[in-house]
Amino acid sequence: MSPTHTSDVLVVGGGIIGLVTAWRAAQRGLATAVVDPEPGGGAARVAAGMLAAVTELHYGEQTLLGLNLASARRYPDFAAELTELTGHDLGYRRCGTLAVALDADDRAHLRELHALQQRSGLDSQWLSGRECRRLEPMLAPGVRGGLRVDGDHQIDPRRLAAALVTACERAGVVVHRAWAERLALAGDRATGVVTADGTELGAGQVVLAGGSLSGRLADVPPDVLPPVRPVKGQVVRLTMPARLGPFLNRTVRAVVRGSHVYLVPRESGELVIGATSEEMGWDTTVTAGGVYELLRDAHELVPGITELPLTETRAGLRPGSPDNAPLLGPTGLEGLLLATGHYRNGVLLTPVTGDVMAHALTTGELPEEARPFTPRRFGAAVLTEQPA
Ligand SMILES: Cc1cc2nc3c(=O)[nH]c(=O)nc-3n(C[C@H](O)[C@H](O)[C@H](O)COP(=O)(O)OP(=O)(O)OC[C@H]3O[C@@H](n4cnc5c(N)ncnc54)[C@H](O)[C@@H]3O)c2cc1C
């Protein structure tokens, strides 16, 4: 069968990661196409959009920290370029973050995080409970202390996705609104995909950027199949009426009884409260328990939220990888590259991913900063069987 359409690069998946890859590839002069039934959808519909390289630092993730910081540094220019090109306001807000503690255990945990941040050369400042409340008067009186991180910002992921769709259109990216059923192969080489209606889309290089579904494209040889899994996150959206004045000035987050909770106030008046972290396969049901826990924990931090209108509840799937870091660049199969596994930092990592993938697609190699994230660091994918 000869392909109906051909391009230099075919990106499977039009979430923010596939779109930024396609946009940057097209800017480098490559004839680029994206295949996705609903480009601009995916996890960005649900995500909070924290750009939190510093407050998301976890033990054992120092390598990922380097990539997160590299992407955070790119954000001001990236957002300005995208806005200028598309006319979209991305809701990019350089507001900083306050991570607070509600009891002695949380405080000890936050002190440890502060020490780790200091050892890693990051900018964060310890504040007393009173100093936290001076910054954010809506905080509960019981707040025992916190970390002020002025470099962790936010963007509206839905607006980012919409702007990337427009940027791709302007750059001449062809969009196939279809589902890629299987990888097309010729000998030991990927040559495109076959869509659900049997159409073959041919390409010199195929980038698999299917988020949590990246491991499910048929006919990808097992030794290069990405070991990604869906990690469910539920989110609640409230509205902060303008007449109440500034409700929160920056992102506020905490660990309450072992669960992470954050409140992200947008300039539009939206307040995003997230997020649960659940290993439930591809289930995206919003549950009473999930919403209850988010509101209960957020209420302990900021009691005034109970007065705000509740406008939306949603669940989405983070593309988790075995080491919580993305898989970027060429695989062991000629013609197949990966851009997936961005887990809880996909919005933050969008700018650097676009640059890294464009470099890989034009040179065949990863730039220095992305070498630790080669898909080749994993052997044959070990996937737990998940329900369809
Ligand atoms: C609750 C929640 C909160 C989050 N908060 C943050 C945050 O604050 N900051 C942050 O940086 N990140 C956050 N994230 C993570 C971030 O949203 C993701 O890492 C990122 O959106 C992943 O983008 P993606 O393009 O790789 O995948 P997705 O968004 O999953 O997109 C994949 C796309 O590929 C398509 N696709 C898959 N397979 C095929 C196929 N075979 N054929 C055609 N199309 C296909 C799908 O339709 C989909 O459109 C959060 C995620 C969740 C769920």
Practice problem: Of the options Leu183, Pro137, His153, report the single residue whose Cα projects farthest towards the positive end of the charge dipole of the chain (beta-carbon charges: Lys, Arg +1; Asp, Glu -1). | Solution: Pro137
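Taking N as the number of residues in the stretch 300-357, what value does Rg over Cα atoms divided by 2.2 N^0.38 Å take? List each step's numbers first, then the result.
Details: Rg = 17.7 Å, N = 58, 2.2 N^0.38 = 10.3 Å.
Ratio of Rg to 2.2 N^0.38 Å for the stretch 300-357: 1.72.
What does the extension gain come out to for Arg257 and Asp219, with contour length at 0.36 nm per residue minus their alpha carbon separation?
Values: separation 38, 0.36 × 38 = 13.68 nm, distance 4.37 nm.
That pair, Arg257 and Asp219, stretches by 9.3 nm at full extension.
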Quiz item: Rg and Dmax of the stretch 275-388 over Cα atoms: what are they, in angstrom?
Solution: 18.7, 56
Self-check item: Label point distance in nm, Glu279-Arg130, each placed 7 Å from Cα along Cα→Cβ
Solution: 4.5 nm
Practice problem: Would you mind calculating the relative contact order of the stretch 211-305 from Cα pairs under 8 angstrom and at least 6 residues apart, reporting the percent as a whole number? | Solution: 29 percent
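Taking N as the number of residues in the chain, what is its alpha-carbon radius of gyration divided by 2.2 N^0.38 Å?
Details: Rg = 21.0 Å, N = 388, 2.2 N^0.38 = 21.2 Å.
That ratio works out to 0.99.
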Exercise. Please tell me the relative contact order of the chain in percent, rounded to the nearest whole number, where contacts are Cα pairs under 8 Å and at least six residues apart.
Key: 24 percent
Quiz item: Any idea what angle helix 62-86 forms with the longest principal axis of the chain, computed on alpha-carbon atoms, 0 to 90 degrees, nearest 10?
Solution: 80 degrees
Exercise. Of the options His88, Leu98, Val220, report the single residue whose Cα projects farthest towards the positive end of the charge dipole of the chain (beta-carbon charges: Lys, Arg +1; Asp, Glu -1).
Key: Leu98
Quiz item: If the chain between Thr311 and Ala178 were fully stretched, how many nm would it gain, using 0.36 nm times the residue separation less the Cα-Cα distance?
Solution: 44.8 nm
Self-check item: Cα-centred dipole magnitude for the stretch 143-226, charges only on beta-carbon of K, R (+1) and D, E (-1), debye, nearest 20
Solution: 380 debye
Practice problem: Can you tell me which of 183-189, 211-217 comes out highest on packing, and rank the rest after it, using the mean Cβ neighbours within 10 Å? | Solution: 211-217, 183-189
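Where in the stretch 248-279 are there GluC sites (Glu not before Pro) that are in a DSSP coil and have at most 15 other Cβ atoms within 10 angstrom of their Cβ? Walk me through the numbers before you get to the answer.
On the way: sites: Glu267, Glu270, Glu278, Glu279; in loops: Glu267, Glu279.
When the GluC sites (Glu not before Pro) of the stretch 248-279 are filtered for loop state and at most 15 Cβ neighbours within 10 Å, Glu267, Glu279 remain.
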Quiz item: Any idea what angle helix 157-170 forms with the longest principal axis of the chain, computed on alpha-carbon atoms, 0 to 90 degrees, nearest 10?
Solution: 30 degrees
Quiz item: Placing +1 at every Lys and Arg Cβ and -1 at every Asp and Glu Cβ, with all other atoms neutral, what dipole size does the stretch 112-186 have around its Cα centre, in debye to the nearest 20?
Solution: 140 debye
Self-check item: Dipole of the chain, positive end: most advanced residue of Ala209, Leu51, His359 [Cβ charges, Cα centre]
Solution: Leu51
Quiz item: Fully extended, how many nm does the chain gain between Val286 and Arg111 (0.36 nm per residue separation, minus their Cα-Cα distance)?
Solution: 59.6 nm
Quiz item: How big is D, in µm² s⁻¹, for the stretch 141-252 by Stokes-Einstein at 10 °C and 1.306 mPa s if Rh is the Kirkwood radius over C-alpha pairs?
Solution: 84 µm²/s
Quiz item: Say R0 is 45 Å: what FRET efficiency, to the nearest 0.05, do Ala242 and Glu369 get from their beta-carbon distance?
Solution: 0.60
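Beyond 19 Å, what share of the Cα-Cα pairs of the stretch 272-333 is found? Please give it as a whole percent. Mind dumping the intermediate values first?
Working: 903 of 1891 pairs.
Here the tail beyond 19 Å accounts for 48 percent of pairs.
Using a 10 Å cut-off around each Cβ, can you sort Glu200, Glu84 from fewest to most neighbouring Cβ atoms? Kindly include the intermediate steps, with their values, before the conclusion.
Details: Glu200 17, Glu84 9.
Lowest count first: Glu84, Glu200.
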Exercise. Quote the relative contact order of the stretch 260-363 in percent (integer), defining contacts as alpha-carbon pairs under 8 Å separated by 6+ residues.
Key: 18 percent
Exercise. Give me Rg over Rh for the stretch 1-159, both radii from the alpha carbons and Rh done the Kirkwood way, two decimal places.
Key: 1.09
Quiz item: In debye, nearest 20: dipole of the chain around its Cα centre with unit charges on the Cβ of K, R (+) and D, E (-)?
Solution: 840 debye
Practice problem: Using only Cα atoms, find the angle between the long axis of helix 104-119 and the longest principal axis of the chain, and express it within 0 to 90 degrees, rounded to the nearest 10. | Solution: 50 degrees
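Every read-out reported here was derived from the displayed coordinates using simple, explicitly stated rules and does not represent laboratory data. This structure is a prediction, so every number in the text was calculated from the model and none was measured. Please note: Cβ atoms are built from the backbone with ideal geometry, for glycine as well, and neighbour counts cover all protein chains shown.
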